[in-house]
Structure formats: structure tokens, C-alpha cells
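Chemist: Before we start, here is the structure in question, set down as C-alpha cells.
Readers should treat all values here as calculations from the given coordinates under stated rules, not as data from a laboratory. All figures in this text were calculated on a predicted structure; none of them were measured in a lab. Positions of Cβ are backbone-derived with ideal geometry, glycine not excepted, and every protein chain shown enters the neighbour counts.
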Amino acid sequence: MNSDTRETIRKVLLFILTILITLVFFLPLLWVVMSSFKTRLDLFAIPPKWIFTPTLENYIGILESDFKQQLLNSLIIAAFSTVYSVTLGSLAAYGFSRYPPKSGNFILFWILSLRMLPVIAVVVPFYLVFRALGLLDTHLALVLVYSIFNISFTIWLLKGFFDEIPLEFEEAAKLEGYSPFEVFSRVSLPLTRPGLAAAAMFCLIQSLNEFLIALALTTRVAETAPVGLAKLQTFLGTDWGRISAAATLFMIPVVFFTILIRNELIRGMSFGQLKG
Amino acid sequence: MARLVLEELDLWYSTTVHAVDHVSLVVEDGELCVLLGPSGCGKTSTLRMVAGFIIPTSGAIYLDDKRIEYLYPGDRNIAMVFQSYALYPNKTVRQHLAFALKKAGLSASEIEQRIQQTAEFMHMEDYLDRRPQALSSGQQQRVAVGRALIRRPKLFLMDEPLSQLDARLRVETRSNLRRLQQDLGITTVYVTHDQMEAQGLADKIVVMDRGRIQQVGSPIEIYEDPVNLFVAGFIGTPPMNFIEGELIPEDSGLCFNHPEFKLRLQPALLDKLDDGHKLDGRQAVIGIRPEYVQLAPEEEPNAIPAEVYVLEPQSNEYVVDLHMGEIPLKMRQDKRELGFKPEIGRRVWMRFRQNRMHLFDKNTGARLA
Amino acid sequence: MTSIRLENVHVNFGKTEVLRDISLEVADGELCVIVGPSGCGKTVTLRAISGLTRPSRGHVYFDDNVIDHVAPGDRNVGMAFQTYALYPNMTVRENWEFPLRAAKRQEELIQERVGQVTGLLDMGPLLNRYPRELSGGQQQRVALGRALVRRPQVFLLDEPMGNLDAKLRVELRASLRKLQMDLGVTTVYVTHDQVDAQALGDKIVVMDVGSVQQVGTPEQIYETPANLFVAGFIGTPRMNFLDGTLKQENGNLVVEHPLFKMDLPEEVVGRLADNARDRKVVMGVRPESIGVSTHPGPQTIPGKIYVCEPQSNEVIIEIELEEEVHLKVRVGRDALGFEPYIDQLVQVQIDPDTLHFFDSVTGVRLS
């Protein structure tokens, strides 16, 4: 009895603590979303207003500007780069897992080292390369660059997942007449769904958030949302209402995608149970 | 209708690791052949070469006179039950069975019919739509077998399929498996390190050690006529007793001499010797199974005295650890036949049933008689 | 010089009753094996003796002293676990010294005790190895040694051989038994393996669903099991069970089964309690008490061989009397006199003397 009460108290305290920590992290987000619906006057009110009459003025303003196109660019580039990275990455990861190269982990480290490269170091070379190719200010340029970075990460992540799949799973299917590619696509790949989800999530966020390369390689046509956001800070001053509205719109796809694959992500956390 | 022939099968994993050393073997149609040996003896590598997961360094594998060692596993018409069962966590039992048949070129209705048949045959109807996690270990084992036999393969391979079950279930499943194999008449190669399992299941046992076949024979042949010290010691629990000594000719005949005792070898044993005269002075090892050691409570002529070290009752038998001086020996006998309880510390007298005794060469380990 | 006594011990976890009214005595120097399937309460019983689990009712005595309120560390018990629980960062010697240093013993005494245990367990050359450098059997000996160095008055072992392979178990079993006898320390050994239990125990306690089913010597447990559970649990292959009815016919007591009828001899009738007449029973017969021949004789039952498995100098034959009615028979190959094969028609002979009778409802032995 005694220990039961103590257990209850412990759970309640833990719950309160969780709420508090969540609030600390959530408050800035809440602030941005609230700001996007405020008038300029409400925005700078001191003390801050928690209750106010919402307005869509900021959204109307931002959607009439270039930002609409920039957001669309971001989504197109992120989507293509994600699909491209995960598809190629899973194939490569499977190869590294099942047919490890004789050179050991050297190639694998080399691939990962791409990820470690400071972006600023490659901005200028990339600019020169894409100028020579005539690909400056195109969607393709950013899709290619982002994929280079994302594939290396995807390979590392997914190789871990493939390594976890017992070899017998594949051998059993081979005996049943499935070709090596079918074994990959029908047995092993479906078992790495949590890993694919995590990889896709990561690639998407990376591609959406990237700023420096997008700034260097695009000017108008393929300009992305982070660049556009930065440009809202002009010498005439900063329109915080519009920036908040833009930031809120920018968040929506990521939130949406996360909700879509959340079951897979959660399963990924308990992936070790696969063999059970 | 399948006969498996391994011809001089050789496998090097690297220039120094000789995993399988010139293994030649014939498994007749409908036979259950058990590859038995300690871990690292090459039994699993041999099985995997038959399945097609490893290509042999040299040698040939024939299945019904068709050479198969270079064929893709899926083109060999072989099914396998894995030690881990290899059941997919994301598929139900029904989906496993369907998956196994998809490449067999059957119509949807035929597939459905086969699944029903197999489920009935293996008593799996009740959990056809469950995933492996929701099954007991015994049920998982059955699914693994069902999944292999639904394709009606020419050859069944089994890699320690019972090792995940607890002792009791293992014994029951073993006899069911034996019956099933017999009913279906599918040629089977079965790998295990458990010699009791091998004896209980096999038509033919192949004892392997260090990549080489040590002996091939029926369970009874392997048990009663082991060809060398390795096989003799590997088969049987409690294991065969070994005593090292020297063969000395005396007036009364050939004697086995040991510092603790002298044993006159009887015709029952000597008749089995190939050429008795060459054995004089040879370093030899006596091998005698625990059940062929007889105990008497009182001194008897020609009996060797010993002391009871530990007594272990086991069902209707006693397993007795004896110390003959410094030499430990085990014996095993029905309580009633024994007629007295060999209490720990008690002095008893032993006799060896020489017609069931073996003599091995101490240096080569080969059997002399 | 310690005996252990449990008196009406109950243990509850929350609302579940895991031990129900356990009374048990272990004499000084005795090796008592508690055996049962998983979840039967055997480990909890051991923990109640060690003090790691507090009984919700009942008492634990060492000799004649109640020790309910003595902390585990003060009971002077040595315990070894299935997982060995060795410290990976300490050598064998350090693992052994640790409990003595914790008890602040003098250095001289520590060295003396470690020396003794080393000799006893024959671990001399391995003293400076780390656990990961040892085989399973060696690790098991280290775990035993750690329990031994403290010179406990009681030795508690929880499946100490659970992680070892069959061959090694058989070897270690004998040396464990010998060691326990030489030390003369009162020992309680918990296992789920009935083979180990028979081989080791001076006394076997068979448990199921939180209560004691039977206490006895290995011979008593095997030859006169108290109920169907014990009869089925002890012995491999397990005892055969057949449903039947006891009836009075022409002044004789007979047992009737759909497939056969058997006169019971005087001795058996004498053993059965008087109220055993005219009731449904379960007959139990051990596999080694059944004879098999190829020719019919008086009171033989026809059957067909379902499976036969050679095992050492014996063969285990499963015989189908009719669908779903199978008997397992264990017989020496020499005694059998023919080579059995699957689907062979044979005759089964059951000696009524060897039959065990159990109440078909309660499962309790009738005798």
C-alpha cells in the first residue's frame, strides 16, 4: 500500500516536470505563431498581450510577395532531394551491409566525411562548378547539392538498420525462389520502414532549412524560403509580423510530414526488438 | 524421389581456414541424415553449401544426378528450416505460407488450397492470421517447418531446428518431426550438435570433426561400434569411460595393464581384433560405456574394486561416479537390476562386459577392437 | 550446523499470491532441490530464505531461531545466481576477496580463505584472469567460490547451471554434489530441470503454482508421485496416462479402458484405498514398465509403432493404440530382441503391478 502511494506521487511529479520542460521548448514556437496573427501595435505592446483580436493582414501581405514562390521552391527542392537521397541511399546502404567492400570501412568513412565538411568551405567551389554547368539559379542545382550531403547520412543510418536484419531472413526467401533484388525489395526494405521514415524526415528538414548554399546558388527563379525570410530584414526595418507569418507557413509542411510518419518513427526507436 | 550426393566437397574460408575437408556422402531417397559434431566441425558449412549460400572451393553436389553446386539457391528446389526460424515480424503465418508459394507458379486458388492443407496438416489453423511475436516458441517452430514443406521441395535442410525449445518440448517435437519426415518421405539433411537428438532422429548419422567426416552409420552402429576415440567420446550420455594403459602378453593371454589394475582380455573382445599379435606392448585406451560396467556389493573373482564417489538417481536408474584409485569412471544401471543402493563412500566391485568393450590406439585414436 | 524451516509461508506481490502456505524443512548438511516449471514460486521460496523477499505471512527459521526480521546480509547465507553476477572489472581473486573485504576481515584471513577456495575449486592457474577470459563452466565455479569464501551457514543456488551446455552440466553436477558433501553445508538448490533435481537432491521439493506438491527423496518422488502433476513432471520420457474405471467384477477388482480390461492382483488392490472402487481414474505407467513384443500373449494390447528413437543402448518407442492414444515405451535394445520400425504392428504388455492410479478429478494418487 505504502509503496503504491509513493509510486503515484512519483508519477504525478514526473508528469508536471514533463509539462514544464515541454513548455520551455514550446513557448518560442507559440510566440511566433501568435505574433503572426498580431497587428504591429499588438506585437510591440508591453507587457506582451496574450489575448488579442487576430488578424490575417500579415498572411495576406506575405502571400502577395515573392515568398509564395520561394516556399514552393523550397518544397519542390526538398521533396526531390529527399526521394532521391532515400532511394539511392537505401540501395547503397544495403550494398554496404550485405556485400561489404574488401577495403573495409574506408569507403564508408570517406562517404561520411562529406557530411562533416563545413558548408562554407564548399560554397565557392560549388558556385564555380554550377556556373560552368550553366545550372545557377535552377532547382536542379540545389537538389543535387542537398542530395550529396543527405545521401551520406542516409547510407550510414540505413546500413545500421540493414545490419540488424538477420541473414536468414534473406536466405529463406532466396530458397523460395526470390531473386537478389526481390529479396532486397520485398523482404529487407519493408523491414527497414522505421529507418526509411527517420532518414526521410532528416533529409527533408535538412533541405528545407539550408541557407548558405541556397543563398549562393540562387538569385530569383529557384530562391528558397530561408533566403526569402532573411531578405525580409531590409534596410527599411524588419517586419516581424510578416516574418512570423512566413515562419509559421514554413513550419506547416514539416509538422504535417511528421504526423504522417510518426508511427514509423516511434517504431524506429524500438527497432532492437525486430529479432524478438 | 531425391538422392543427394556430395563428392569431395572442400571449403576454404581463407588460405588458413579449412572449414570442410573433402567430404563425400550419399543421402538416399527418403532418408533422414544427421550431420553431427561440435561447433566449428564444418557441419553447418556443409549444409550451407547444399543450400547454395556458400559456393564450395572444390567438389560437386548432385541432387538426383543434377549438378547443383553453382545454382542459385532458389533454383535448387530445396527448403530449409533455420535455427532462428527466420520468420518475418511483419508477416502473418498465412502471409509466410503464401510468400513461400508465390514463386512456385501456382494459381491463386491453388495457393489458397495448399495453405489450407498445410495448416491442417501442421495443426496451425488457429493462428493462421497471427504474427510471429504472438506465437509460442513451439508454434513458431511449426510455422517454420510448415513454410518449408508447403513448397513440396525435393530436399529438406534443417539447421538445429529444435534448439530454441525447452528440454521437454524438444523431445516431443523431435518425435513429431521424425514421424512427419517419414510420412512425407522427403530426403532430409539435419544439422545438430546434440548427440541425443541425432540418435533419436537419424536413419544415418554423419559424425564430423574439424571439417572431416569421422564416421557414417546408423545410430546403433555409431553407438556400439565407434571407429575412433572422438566418436566414442562424443556419442552417449554419460559419456564412454576411457582408461589408458598398455597391452602386455602373458601366459593366460593378452592383458591390459594399468598401474591400478590388470585386466585379462577375454575372447569376446579379442575376437574383434584384426591382428592380435601386433598389439603387444602397444599404448592403448579401453573404452567402456557406463551401462556395460557391472557393479557388485561384495568382492568377486576378477572384479576390480572401486569407491562410490557420487550417486545420482535418474528415473529408474542410478548413475554412479566411481573412483578406481585416481581414475574416475561412470556406470549406469536399473535400480532393481542393481539390487543394492551404492551409497556415497561405499566400496564396490566392478566388472566390464568385454563383448561391449572397445580398445583404441592411444596415439592415433583409431579403434583396435 | 544449520537447519532451515519454513512455516506456513505466504508471499503476495500486490494482489497476486505467489507462494501459498509453504512449509518445508531442510536438515543440517542436506542438499534440498526445489524443482518446478517457471512461475511455480521456486525462486521466490529461495529469496524468502535469503531474506531478499519478505513473507507476508508465516515464519522462516534457521535452526530454531525465527529470522524473519534479520536482514539478508546478516543471515550468513551464500548465494549464487544463474547469471553468475561476477564483477567484470575484477579478476577471479578480486571477485573472491571482495565480499571478505566488504566484511572488513583481516588480510591474513582473506588470503587463507581465498587459498582454500582456490584449492577446493581447482582454480589455481586462473586466479588472475578476468571473468570474460573464462569458459562458462569456469565462471560458474567462480560464482560458487564467491559464495563459499564467506563460509556461509547456508548455501542458496538459483539455477547455477542454467547457462551451461548439457555435457558440462553433467560433469559439474557431480563435482557440485561432491563439494557440498565434503563441506557439509546446508544447501537449497533451485532448478526447473527435473534431471538435475533427481541427480542432486537428498530431498526434492516439487512445486507448482505457488505451493508444494510433494517432498521426498528422488526415489520416493519417482516411484510414488503424490499427484498427476508430479507424475508428469518427473521423468523423461514422461509417464503415460490413460483414462480408466475401477470396477468390481466377480469379486475381483479390474481396471477398464475402452481398449482393454485388466485384473488387478492382490497387492495392488491392497495398496488402493477402500473408496477406490467404482470410480473414474487416471492410470499412469512409466515408459520403462511397458513390455513390447511382436507376438500376442495373455493380456497384451495390440498397437502400431508411431515413432521409434534409438537412444544409447535403449530405444524409445511411441506406440499408437488408437488415434490420439499413444504410449511411450523405453526398453533396452538387448531386451527388446527385434528391430522396431515405423508402422510395425506390435503387442504391448503392461504389468498391473507397475500401474499408478490417480483420481480423475483431483489428480491425487490413490493408494
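Chemist: Only bridges whose two residues both fall in region B:241-361 count here: according to DSSP, what percent of them are antiparallel, nearest 5?
Modeler: Bridges in region B:241-361 that DSSP calls antiparallel: roughly 100 percent.
Chemist: On to the next question. How would you order C:257-269, B:188-200 from highest to lowest mean count of nearby Cβ atoms within 10 Å?
Modeler: By packing density, highest mean first, the sequence is B:188-200, C:257-269.
Chemist: I've got another one for you. What net charge do the residues around C:GLY36 carry, taking every other residue with its C-beta under 9 Å from that of C:GLY36, with Lys and Arg at +1 and Asp and Glu at -1?
Modeler: Net local charge, C:GLY36 excluded: 0.
Chemist: Between B:GLU326 and C:TYR130, how many nm apart are label points set 7 Å from Cα along the C-beta direction?
Modeler: So the label points at B:GLU326 and C:TYR130 sit 3.6 nm apart.
Chemist: Would you tell me the mean number of C-beta atoms belonging to other protein chains that fall within 10 Å of each C-beta in C:173-183, as a whole number?
Modeler: 3
Chemist: Semi-axes of the equivalent ellipsoid for the protein assembly as shown, please: Cα gyration tensor eigenvalues, times 5, square-rooted, ordered largest first, whole Å.
Modeler: For the protein assembly as shown, the semi-axes come out at 65, 38, 32 Å.
Chemist: While we're here: Connecting C-alpha atoms closer than 10 Å in a GNM of chain A, tell me which of A:GLN233, A:GLN206, A:GLN69 has the biggest fluctuation.
Modeler: The residue with the greatest mean-square fluctuation here is A:GLN233.
Chemist: Tell me, how many Å apart are the Cα centres for region B:173-250 and for region C:209-238?
Modeler: Distance between centres, Cα-based: 32 Å.
Chemist: Averaged across the residues of B:77-86, what count of C-beta atoms belonging to other chains lies within 10 Å of each residue's C-beta?
Modeler: Averaged over the peptide's residues, the number is 4.
Chemist: Select from chain A the helices, each a whole stretch of DSSP H, whose alpha-carbon atoms run 27 Å or more along the helix axis and whose Kyte-Doolittle mean is at least 1.0; answer none if there are none.
Modeler: Result, helices passing both filters: A:2-36, A:139-164, A:240-260.
Chemist: Can you tally the net charge around B:GLU298? Count Lys and Arg as +1, Asp and Glu as -1, for every other residue whose Cβ sits under 12 Å from the Cβ of B:GLU298.
Modeler: My count for the surroundings of B:GLU298 gives 0.
Chemist: Right, here's the next one. What's the FRET efficiency of A:MET251 with B:GLN113 using the Cβ-Cβ distance as r and R₀ = 51 Å, to the nearest 0.05?
Modeler: FRET efficiency, A:MET251 to B:GLN113: 0.40.
Chemist: Which residue, A:THR154, A:ALA121, A:SER90, has the largest displacement toward the positive end of the dipole of chain A when charges sit on each Cβ (Lys, Arg +1; Asp, Glu -1)?
Modeler: Of the candidates, A:ALA121 comes out farthest on the positive side.
Chemist: Using the Kirkwood formula over every pair of different C-alpha atoms, what hydrodynamic radius in Å results for region C:1-113?
Modeler: Working: mean 1/r = 0.0624 Å⁻¹.
Evaluated over region C:1-113, this radius sits at 16.0 Å.
Chemist: Let me ask another. Packing-wise, with mean Cβ within 10 Å as the measure, how do C:149-155, B:235-241, B:266-272, C:165-171 rank, highest first? Write out the running numbers ahead of the final one.
Modeler: Numbers: C:149-155: 19.1, B:235-241: 21.0, B:266-272: 14.9, C:165-171: 16.9.
Ranked from most to least packed, the peptides come out as B:235-241, C:149-155, C:165-171, B:266-272.
Chemist: Please work out how much length the chain gains when fully extended from B:SER39 to B:ASN302, using 0.36 nm per residue of separation minus the C-alpha to C-alpha distance, in nm with one decimal.
Modeler: The B:SER39-B:ASN302 span can extend by a further 90.5 nm.
Chemist: I'd like the antiparallel share, as a percent to the nearest 5, of DSSP beta bridges with both residues in the protein assembly as shown.
Modeler: Values: 129 of 165 bridges.
Close to 80 percent.
Chemist: Around C:ARG54, what is the net charge, scoring Lys/Arg as +1 and Asp/Glu as -1 over all other residues with Cβ under 13 Å from its Cβ?
Modeler: +2
Chemist: For an R0 of 35 angstrom, estimate the FRET efficiency from the Cβ-Cβ distance between C:ARG279 and C:GLU320 and round to the nearest 0.05.
Modeler: That gives a FRET efficiency of 0.80.
Chemist: Stokes-Einstein at 37 °C, 0.692 mPa s, Kirkwood radius from Cα pairs: D for region C:4-233 in µm² s⁻¹?
Modeler: Using the Kirkwood radius from Cα pairs, D works out to 180 µm²/s.
Chemist: Please report the orientation-averaged projected area of region C:177-221, defined via the convex hull of its C-alpha atoms, in nm².
Modeler: 3.4
Chemist: Give me the extension gain from B:ASP271 to B:GLU125: residue separation times 0.36 nm, minus the current Cα-Cα distance, reported in nm with one decimal.
Modeler: Residue separation times 0.36 nm, minus the Cα-Cα distance, leaves 46.7 nm.
Chemist: State to the nearest 20 debye the size of the charge dipole of the protein assembly as shown about its Cα centre, where the only charges are +1 on K and R beta carbons and -1 on D and E beta carbons.
Modeler: 4360
Chemist: Averaged over its residues, how many other protein chain Cβ atoms are within 10 Å of peptide B:303-315's Cβ atoms? Could you put the intermediate results ahead of the total?
Modeler: Working: counts 0, 0, 0, 0, 0, 0, 5, 9, 4, 11, 11, 8, 14.
Across the residues of B:303-315, the mean count of other-chain Cβ atoms within 10 Å is 5.
Chemist: Between region C:114-154 and region A:238-254, what is the separation of their alpha carbon centroids in Å?
Modeler: So the two Cα centres are separated by 69 Å.
Chemist: May I ask for the Kirkwood hydrodynamic radius of region A:57-275, worked out over all distinct Cα pairs and given in angstroms to one decimal?
Modeler: Every distinct Cα pair counted, the radius reaches 19.2 Å.
Chemist: Related question: Would you mind computing, in nm to one decimal, how far apart the modelled labels at B:ASP29 and B:PHE340 are, each placed 7 Å from Cα along Cα→Cβ?
Modeler: It works out to 5.9 nm between the two label points.
Chemist: For an R0 of 25 angstrom, estimate the FRET efficiency from the Cβ-Cβ distance between A:THR258 and A:VAL221 and round to the nearest 0.05.
Modeler: For A:THR258 and A:VAL221, the calculated efficiency is 0.30.
Chemist: Would you mind computing, in nm to one decimal, how far apart the modelled labels at A:THR39 and C:VAL66 are, each placed 7 Å from Cα along Cα→Cβ?
Modeler: Using points 7 Å along Cα→Cβ, the separation is 8.2 nm.
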